[in-house]
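Inspection log for the structure reproduced underneath, given as structure tokens.
The values are calculated or read from the model by the stated rules, or taken from the named source; none is laboratory data. The model shown is predicted, which means the values in this text are computed figures rather than measured ones. Cβ sites come from the backbone with ideal geometry, for glycine too, and all protein chains shown count toward neighbours. In case anyone asks, the SASA skips ligands and DNA or RNA and just uses the protein heavy atoms, side chains included. Shrake-Rupley method; radii C 1.70, N 1.55, O 1.52, S 1.80 Å.
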Amino acid sequence: VILLGEPGCGKTTALEHLAYELADETGPLPLALRLSEFAPGMTLEDFIVAGWSGPDEARHWAAPELAENLTAYLDGGKLFFLLDALNEMPHEGYAERTQALRSFINKWSPNGNRFLVTCRVLDYGEEFSGLQRVEVQPLREEQVAEFAKRELPDTWEAFLQELNKEGDGERSLLKLARNPYMLTVMIDVYAQDGRLGENRAALMTRFTEILMGWCKEKCPADEWLDSDVQRAALSVMAFKVQERAGFGTLIATAQARAVMPVMVQPDPKWPPRPSPPDQVLKLAASANIIEMTGDRSALRFYHQLLQEYFAAREMLKRSPEKMAHLWRWPWLEKEMPRWGRPKNNRDPLPPSPPTKWEETTIMAAGLMPENDDGLVRSLTEINPVLAGRCLYEGRAEVRPETRRAVIERLLAAIVDPKVALR
């Protein structure tokens, strides 16, 4: 099975719950592994053994006696592999490792082994065509209401009214709330403020402020760094980590420190201020913005949306003209990767290969000051589909003429026979 869904829809939670259910049965042994740890240069067998036998303080299974018998278990069809977040696998050598994974599935599934792989739907191409495709659907309105009643027993009705306010002709906040991760963000923001932001970026800004506020309450005063200093340092790290194609979402702590600034300037009117990388990381871990392995040798942002939010803040500080290479994608039919439809395959046509900067750019568009059109104008010629998503999903506040330019560019693309159908 390939399990697909939007960012924050609950793919990892679904995988972990399935592992929990399978652990109580007599069938194959569930083995949950994070593909972000499938690094360049590793064989798939090395990756499996490392995750199965590694120490529990590194969030591994600590079962070397089982890992030693991998081949015997595979021969006997004893394993159910639950492989999380294909989209978080390091980009360097990505095609070779996905091919190795597909070959492994083809080789060992006839023996009775089972495989489930999760991936963001827009990051999924044709890597696993032919696998059973399952998509995680958004929460229904009644599920949103049920969750709100549990989490906000005294104010859930007012919260639901806030979600149902009309905005741009549709209930945009309710649409956001149908995403489980964003719903938990909204619950925390509403519990603190009694109101919600206008878009996803505004909610993430307030959510990270709340996390840092909770951290400050339990932090000794002499160890605290102002939240604007932390935010600036984390933004630089998030952007640079995403920019380095060889990195996945899990990175060595030493690599993170190496790309972090020792001084930041949150306000251009005032001098730079110290941002000691070790202290920033310690505070971010305490605030549940990042999570570190037990031996503190590696880290990742607590959720990929958090990484993309911080990277978006840094994106806004950079010239759009210098980021064109981040947004370019195949556009004409002749630029598309070749794809032959397998026999009896009725999956939708694979989308264009993603740039991996879509969610970050949409978040950045939502953070832009009103009528600051530079980012969307630059996108319109380079990647008009992403420019449209910035207006629709990011709720970017742009001038009417910029909005018209995006629409006209998309309409022109629809009737241009050179533009790929994907």
Next item on the list: Give me the percent of DSSP beta bridges within the chain that run antiparallel, rounded to the nearest 5.
Entry: 35
Next item on the list: Let me see the pair-distance distribution of the range 126-239: every alpha carbon pair, 10 Å bin width, integer percents in order.
Entry: 12, 35, 26, 21, 6, 0
Notebook entry, point to check: Considering only Met368, Ala412, Gly93, whose Cα is most displaced toward the positive end of the charge dipole of the chain, charges sitting on Cβ of Lys, Arg (+1) and Asp, Glu (-1)?
Noted result: Ala412
Check: When the helices in the chain are scored as -39500 (n - 2.57) per DSSP H run of 4 or longer and the sum is shared across all residues, what 222 nm value do you end up with, to the nearest 500 deg cm²/dmol?
Finding: -14000 deg cm²/dmol
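Here is the link list: Lys240/Lys282; Lys240/Lys356; Lys175/Lys216; Lys107/Lys356; Lys149/Lys175; Lys269/Lys317. Which ones come out longer than 21 Å on Cα distance? If you can, show how the numbers build up before the last one.
On the way: Lys240/Lys282 19 Å; Lys240/Lys356 13 Å; Lys175/Lys216 32 Å; Lys107/Lys356 30 Å; Lys149/Lys175 18 Å; Lys269/Lys317 15 Å.
Too far apart for the 21 Å limit: Lys175/Lys216; Lys107/Lys356.
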Note to self: Output needed for the range 63-141: three equivalent-ellipsoid semi-axes, defined as square roots of 5 times the C-alpha gyration tensor eigenvalues, in descending order, whole Å.
What the structure shows: 25, 16, 13
Notebook entry, point to check: What size of dipole, in debye to the nearest 20, comes out for the chain about its Cα centre when the only charges are +1 on Lys and Arg C-beta atoms and -1 on Asp and Glu C-beta atoms?
Noted result: 1180
Checklist line | Pairwise label distance in nanometres, Ala145 with Ala252, each label 7 Å out on the Cα-Cβ vector | finding: 5.4
Check: Protein chains only, probe 1.4 Å: how do Asp278, Asp84 rank by accessible area, largest first?
Finding: Asp278, Asp84
Margin query: Could you tell me which residue out of Thr249, Val280, Val262 lies farthest along the dipole of the range 222-300 toward its positive end? Charges go on the beta carbon: Lys and Arg +1, Asp and Glu -1, centred on the Cα centre.
Written below: Thr249
Checklist line | Sites Asn111 and Thr43, calculated FRET efficiency, Cβ-Cβ separation with R0 22 Å, nearest 0.05 | finding: 0.70
Next item on the list: Mind checking the per residue accessible area of the chain for me, 1.4 Å probe, whole number of Å²?
Entry: 50
Next item on the list: Place a +1 charge on the Cβ of each Lys and Arg in the range 377-417 and a -1 charge on the Cβ of each Asp and Glu, then give the dipole magnitude about the Cα centre in debye, rounded to the nearest 20.
Entry: 140
Notebook entry, point to check: Given labels modelled 7 Å from the Cα in the Cβ direction, how far is it in nm from Arg273 to Gln161?
Noted result: 3.8
Margin query: Let me cross-check Ser286: its accessible surface, 1.4 Å probe, with only protein heavy atoms counted, in Å² to the nearest 10?
Written below: 50
Checklist line | Extension gain, Ala191 back to Arg244 (0.36 nm per residue minus Cα-Cα distance, nm) | finding: 15.3 nm
Notebook entry, point to check: Using a probe of 1.4 angstrom, how much of the accessible area of the chain is carbon and sulfur, in percent?
Noted result: 51
